[in-house]
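The values are calculated or read from the model by the stated rules, or taken from the named source; none is laboratory data. Everything numeric in this text was worked out from a predicted model, so none of it was measured. With ideal geometry, Cβ positions are generated from the backbone for all residues, glycine too; neighbour counts draw on all protein chains shown. Side chains included, ligands, DNA and RNA excluded: accessible areas come from the protein's heavy atoms. Shrake-Rupley method; radii C 1.70, N 1.55, O 1.52, S 1.80 Å.
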Amino acid sequence: MSYYVTTPIYYVNAAPHLGHAYTTIAADVIARHHRQRGEQVFFLTGTDEHGEPVADAAHALGIEPQELADRNSERFRALAPRIDATNDFFIRTTDPQHVARVQEVLSRVRENGYVHKGIYEGWYCPRCADFKAENEIDEGKLCPIHHIELTREQEENYFFALSAFQERLEELYAQREDFVAPLTRRNEALSFIRSGLRDVPLTRKRLSWGVPVPWDAEHVFYVWFDALLNYVSALSYARPGEDLTSRFWPADCHLIAKDILRFHAIYWPALLMAAEMELPKRLFVHGYLLMEGEKMSKSLGNVLDPFAVIDRFGSDALRFYLMRDVSFGQDGSVSTTAFEQRYESELANEYGNLASRVVAMVGRYRDGVVPRAQLDSELQAELNGMTDEVALLIDRVELTQALEAIWSRVRRLNRYVEERAPWQLAKQGADAELDAVLGSLVAGLFRVSVMLHAYLPSATGRLFTALGVSEVSIGAARGEVDLGGQRIAPLEPLFPKVQ
Ligand code: MSP
């Protein structure tokens, strides 16, 4: 079994912010979970480096676009390990292998008869690098995303015959209900298709910062076609001397936010059809992280710096907060206050405390050796089903619900500690019962931690070290690993109090 998950490739006209970290973290949760299932996973992220916004930002700084791209691409590359993202490759659209592949695929699209010359005129936002349809322009001819004035542009370009795919796209949506999720986004894409597709510019004439069009030296490809192709081009050169395309294409899941829905839900499948390539299995569209009610974005200046948050609380805390507090698929507000509350009440007091107590009690009452015991039948009933439930939710990219399914078991284990009060059992000398309770707690803690591992890789990793286990595939969460007789090492608090 293989699984291929991608994030959008991020623009290098600005530095990474929490919104980018968000998608990359979500993709990483999915990638780690599938690895735990024993699947061969390929997780791709990277940077989108061509196009007008990058060229403009570079010129404003008085440097060459390549220099700006090098500088900022490095910051995105550095973000991944800071948030514990385990991407298998980091693509840059300025990689010569990517450039060659774009030229090859788009030439094929032309040979197949889907490219023609034409004049395009419309309202254009230089920050989006996109023309806007009349019905999406804000009053005063403003960009609905950037609130800046749109310019009227006219260009002679090569066009991609998007209109030729109207019917095939409608069929695609009819046949594959889950091609785009959640449903609201699918319906949004479908109604755009039904409203009638027009051909779209494939090249730009006035711009030089882009992939050169092989059949006309005066043009470069419009940045979106160049960018979308990253998802296939990366597979052909990520591993030197090896082409991973047949192993991983079509992608299992493209993760994006709703700002780039149309490109992924309409242009992308049409382009692949035109190139006679297989379509990805699904697109999952998450919502926006909002700050004070507006989309967090560099150009609006309302961003939380992920690096600062990680410095203070660690990357697990950030991963947890983003997957937990904002229901994945919907918009949600983020704030430092809510972050601190989740950290304190859930990570520190619920999970961290559970781990500390269980490890400490095994130390105190059993000299650090896990008693051999059957998992308590009540706990068994509550833990059974967790693995499949979580796997199913993650298959549907319902990352917040999956986390909740695990968390309800964390809470159950805390109640179990209170109900069974091991300290009382120790006082009463009820040895057999104490063995049963402590053994059950270690097993329960271990099982929930295996499922939490995709979300909290660092804290669960420290716990696994203390427990002396290295087997964390999802079978371990079904009880395939027996911890009885194991010696436990002391454990520092997983989520210490932060001032
Ligand atoms: N370069 C294009 C994507 C090309 S993909 C073939 C692009 N880049 S971007 O830098 O603007 O990144 C957009 C993506 O970043 C969103 O789709 C989303 O994944 C993530 N986010 C950026 N800001 C975000 C929020 N405020 N909230 C949620 N996600 C955010 O578009």
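Compute the accessible area per residue over the range 211-261, keeping the other protein chains in place, probe 1.4 Å, unit Å². Before the final figure, lay out the partial values.
Working: 1570 Å² over 51 residues.
Heavy-atom accessible area per residue stands at 31 Å².
Counting Lys +1, Arg +1, Asp -1, Glu -1, what net charge surrounds residue 112 among other residues with beta carbon under 14 Å of its beta carbon?
In short, 0.
Can you pull out the trypsin sites (Lys or Arg not before Pro) in the range 177-253 whose DSSP state is coil and whose Cβ has at most 16 other Cβ atoms within 10 Å?
Of the trypsin sites (Lys or Arg not before Pro), the ones in loops of the range 177-253 whose Cβ has at most 16 other Cβ atoms within 10 Å are 198, 205, 206.
Tell me the per residue accessible area of the range 396-499 using a 1.4 Å probe; a whole number in Å² is fine.
41
Go ahead and estimate [θ] at 222 nm for the chain from helices alone: -39,500 (n - 2.57) per DSSP H run with n ≥ 4, summed, over the residue count, rounded to 500.
Roughly -14000 deg cm²/dmol at 222 nm, from the helical runs in the chain.
How many Å² of accessible area per residue for the range 126-209, probe 1.4 Å?
Details: 4540 Å² over 84 residues.
Per residue, the range 126-209 has 54 Å² of solvent-accessible surface.
Mind listing which GluC sites (Glu not before Pro) in the range 96-196 are in a DSSP loop and have 12 or fewer other Cβ atoms within 10 Å?
The qualifying sites are 139, 177.
So in the chain, which Cys have no other cysteine's beta-carbon sitting under 4.7 angstrom from theirs?
253
At what distance in nm do the modelled label points of residue 71 and residue 171 sit from each other, each positioned 7 Å from its Cα along Cα→Cβ?
5.0
Compute the relative contact order of the range 239-388 as a whole-number percentage, counting only Cα pairs closer than 8 Å that sit 6 or more residues apart in sequence.
17
Run the numbers for residue 164 and residue 345: contour at 0.36 nm per residue of separation, minus the present Cα-Cα distance, in nm.
Extra length available between residue 164 and residue 345 comes to 59.7 nm.
Using the beta-carbon distance between residue 276 and residue 412 and R0 = 56 Å, what value does 1/(1 + (r/R0)^6) give for FRET efficiency, to the nearest 0.05?
0.60
Pull out the extension gain between residue 294 and residue 138, defined as 0.36 nm times the separation in residues minus the alpha carbon to alpha carbon distance; nm, one decimal.
54.6 nm
In nm, to one decimal, how far is the residue 108 label point from the residue 480 one, both placed 7 Å along Cα→Cβ?
3.8
Accessible area of the chain with a 1.4 Å probe: how many percent of it is carbon plus sulfur? All intermediate terms of the calculation are to be shown ahead of the outcome.
Values: 9550 of 20180 Å².
Carbon and sulfur together cover 47 percent of it.
State to the nearest 20 debye the size of the charge dipole of the chain about its Cα centre, where the only charges are +1 on K and R beta carbons and -1 on D and E beta carbons.
In debye, rounded to 20, the chain gives about 920.
Please give the residues of the range 163-201, grouped as numeric ranges, whose backbone N is less than 13 Å from a label point set 7 Å along the Cα-to-Cβ vector of residue 116.
163-165, 198-200
How many angstrom lie between the Cα centre of the range 348-402 and the Cα centre of the range 199-267?
That distance is 43 Å.
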